[in-house]
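Bear in mind these aren't lab numbers, they're just calculated from the coordinates by the rules spelled out. Note that this is a predicted model, so its numbers are computed, not measured. In this analysis, Cβ positions are derived from the backbone assuming ideal geometry, glycine residues included, and neighbour counts consider all displayed protein chains.
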């Protein structure tokens, strides 16, 4: 029998070990079970804010080594211009026991080494010029890959079924620009899914890219997927497809004799 026990907390009841264990199991085992089969990466949140000398990682959830880490307080690290690529990474410390807890610590750090150890995860990368301020706002979809002075989150892994994938905010930016133009059925379906804000796994994105560009992708890493989406968006904008809103404006014109 698979029993489903939920502790009842009532006045004057003795709090027993069994009840505390039930609370622990519900709190720490349910979400990892829900994310079973997902790749290590960002589950939600983990946005960035920058000042002239600090980059801050905001609250979020991250899956790593089948453990769900909660970032409940923002973490900041100072940065400086180097005119070389710098990696902001999350470092997962080995778990250690205290008297009452099994503790898992995480921290962020900047590194000029673009290689990651098994206990590290990329959050973003940037290359900053002297006298410039690091920015997190983008002018358009293509601006996300701007070389200098821009927080680049393309290679940050997002947890998805079967592995890792692109950030849903990247896909939403793609769809937000593409929807202003006349779309084929496959473009429309992909943009509709991307605008929902749900995480699309790498297989779904690759399937769309391969059908749309009539190619076979040798790999489905984040950078490759982003580069191919750039090609598709340029084709939508420049490939003889008329902008929807401009055509609507023309229909509103009144001719007076």
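What's the whole-number percent of alpha carbon pairs in the stretch 166-242 lying beyond 19 angstrom?
Percentage above 19 Å: 26.
Be a star and scan the stretch 79-110 for residues whose amide nitrogen sits under 13 Å from the point 7 Å along the Cα-to-Cβ vector of residue 66.
Answer for the stretch 79-110: none.
What order do you get for 213, 225 when you list them from fewest to most C-beta neighbours inside 10 Å?
213, 225
Give the separation of the Cα centroids, the stretch 68-121 to the stretch 169-208, in Å.
First find each Cα centre; the distance between them is then 31 Å.
Please find the FRET efficiency linking residue 84 to residue 196, where r is the Cβ-Cβ separation and R0 is fixed at 35 Å, and quote it to the nearest 0.05.
0.40
Can you tell me the FRET efficiency between residue 137 and residue 11 if r is taken as the Cβ-Cβ distance and R0 is 41 Å, rounded to the nearest 0.05?
Result of the calculation: an efficiency of 0.20.
Going by how many other Cβ atoms sit within 10 Å of their own, how do 203, 99 line up, fewest first?
The most exposed by this proxy come first: 99, 203.
For 86, 42, 71, what ranking results if the residue with the fewest other Cβ atoms within 10 Å of its Cβ goes first?
Lowest count first: 71, 86, 42.
Once you have a ≥ b ≥ c as the square roots of the Cα gyration tensor eigenvalues for the stretch 80-188, tell me rounded if a/c is under 1.5, and otherwise prolate or oblate according to whether a/b is larger than b/c.
oblate
Can you give me the distance in nm between label points at residue 235 and residue 105, each placed 7 Å from the Cα along the Cα-to-Cβ direction?
Here the modelled spin labels are 5.1 nm apart.
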